[in-house]
Amino acid sequence: MTFPKGLPHFAKGEVIKGFGRGSKELGIPTANYDVDVVNNMPKEVEPGIYFGFAKVDQGPVYKMVMSVGWNPFYNNTQKSMEIYIIQKFDEDFYGKMLKVVMLGYLRPEKNFNSVDELIKAINNDVKEAEVKLDEEQFSKFKTHEFFS
Ligand SMILES: Cc1cc2nc3c(=O)[nH]c(=O)nc-3n(C[C@H](O)[C@H](O)[C@H](O)COP(=O)(O)O)c2cc1C
Ligand SMILES: Nc1ncnc2c1ncn2[C@@H]1O[C@H](COP(=O)(O)OP(=O)(O)O)[C@@H](O)[C@H]1O
Ligand SMILES: [Mg+2]
């Protein structure tokens, strides 16, 4: 199988503050990158929802889903890259170093009629990502030297 245009893409940077909507309104926190990391992405990587792996500081490598774009449901004016790590954390990790590898594309960003529909869509993304990331072509990136 061939990867979508611009993938795999490796990114790293500090976790910054976003709008605080992820955990408060959706119950799904997302670690946001700053504008430099967003601008470093190859032009051919389309906005949309992606899956891959993530690591905070010296911690373990976890599965992740990522939203790239303008969040049409909220109409953001700045493009963002936000990562939901598929793992429960007891504490926030603002200011920490976050490394990710983007491996696959799930769907375009969409608008929804309600917050509930957005939450359902994200939960479905998580399910799909969990299955796909177990495929050998993707799972091998868990031990990629980028993360060591
Ligand atoms: C897997 C995933 C899929 C998402 N899909 C959409 C989407 O289709 N449309 C949208 O407007 N926002 C989408 N979002 C982004 C959420 O709206 C965003 O995480 C939320 O606004 C939190 O923003 P904040 O970090 O600035 O607080 C998605 C986020 C994730 C993690
Ligand atoms: N599983 C997780 N995935 C991503 N971020 C998490 C997770 N658990 C806790 N966090 C923390 O929650 C923060 C994001 O919450 P969020 O409500 O999206 O706020 P913000 O708008 O500031 O990004 C992250 O920056 C991180 O410190
Ligand atoms: Mg966030």
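The values are calculated or read from the model by the stated rules, or taken from the named source; none is laboratory data. The model shown is predicted, which means the values in this text are computed figures rather than measured ones. When we count neighbours, we look across all protein chains shown, and the Cβ atoms used for this are built from the backbone with ideal geometry, even at glycine. In case anyone asks, the SASA skips ligands and DNA or RNA and just uses the protein heavy atoms, side chains included. Shrake-Rupley method; radii C 1.70, N 1.55, O 1.52, S 1.80 Å.
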The correct count of residues that are over 25 Å from Q137 (Cβ atoms) and either among the hydroxyl-bearing types (S, T, Y) or without any contact (Cβ under 8 Å) to a residue 40 or more places away in the chain (or both) in the range 37-75 is 7
Exclusive hit being farther than 21 Å from A129 by Cα, surrounded by 13 or more Cβ atoms within 10 Å (Cβ to Cβ) and at pLDDT below 95, set G22, G18, G13: G18
Would you please name the residue that is farthest from ligand 3 (Cβ to nearest atom), looking only at residues in the range 98-117 that are of a type outside the set (G, A, S) and in a loop (DSSP other than H, G, I, E, B)? N113
Residues (of a type outside the set (A, V, I, L, M), farther than 18 Å from D90 by Cα and within 16 Å of ligand 1 (Cβ to nearest atom)) located in the range 10-20: G13, E14, G18, F19
Would you say I28 is open to solvent by less than 30 Å² (accessible area, probe 1.4 Å) and hydrophobic (A, V, I, L, M, F, W, C)? yes
Only one of (1) farther than 16 Å from E109 by Cβ; (2) within 15 Å of the chain's Cα centre (by Cα); (3) within 16 Å of ligand 3 (Cβ to nearest atom) fails for V61. Which number is that? (3)
Note on K43: of the conditions (1) open to solvent by 60 Å² or more (accessible area, probe 1.4 Å); (2) closer than 23 Å to K127 by Cα, unmet is (2)
Evaluate the range 103-115: report whether one residue or more is among the small types (G, A, S) and closer than 12 Å to G52 by Cα. yes
Name the pairs: first residue in the range 128-142 and within 17 Å of F3 (Cβ to Cβ), second residue in a loop (DSSP other than H, G, I, E, B), Cβ to Cβ under 8 Å, at least 6 apart or on different chains? A129/I86; Q137/M1; S139/L133; F141/P8
Go over the candidates E82, E117, E109, E91 one by one and state the one that is touching a Gly at 6+ places or on another chain (Cβ under 8 Å) and surrounded by fewer than 18 Cβ atoms within 10 Å (Cβ to Cβ). E109
Identify all residues within the range 1-36 that are within 16 Å of ligand 3 (Cβ to nearest atom), without any contact (Cβ under 8 Å) to a residue 24 or more places away in the chain and more than 14 Å from the chain's Cα centre (by Cα); write none if there are none. G20, S23, K24
Across the range 46-59, the tally of residues that are open to solvent by 70 Å² or more (accessible area, probe 1.4 Å) and more than 18 Å from I85 (Cβ to Cβ) stands at 1
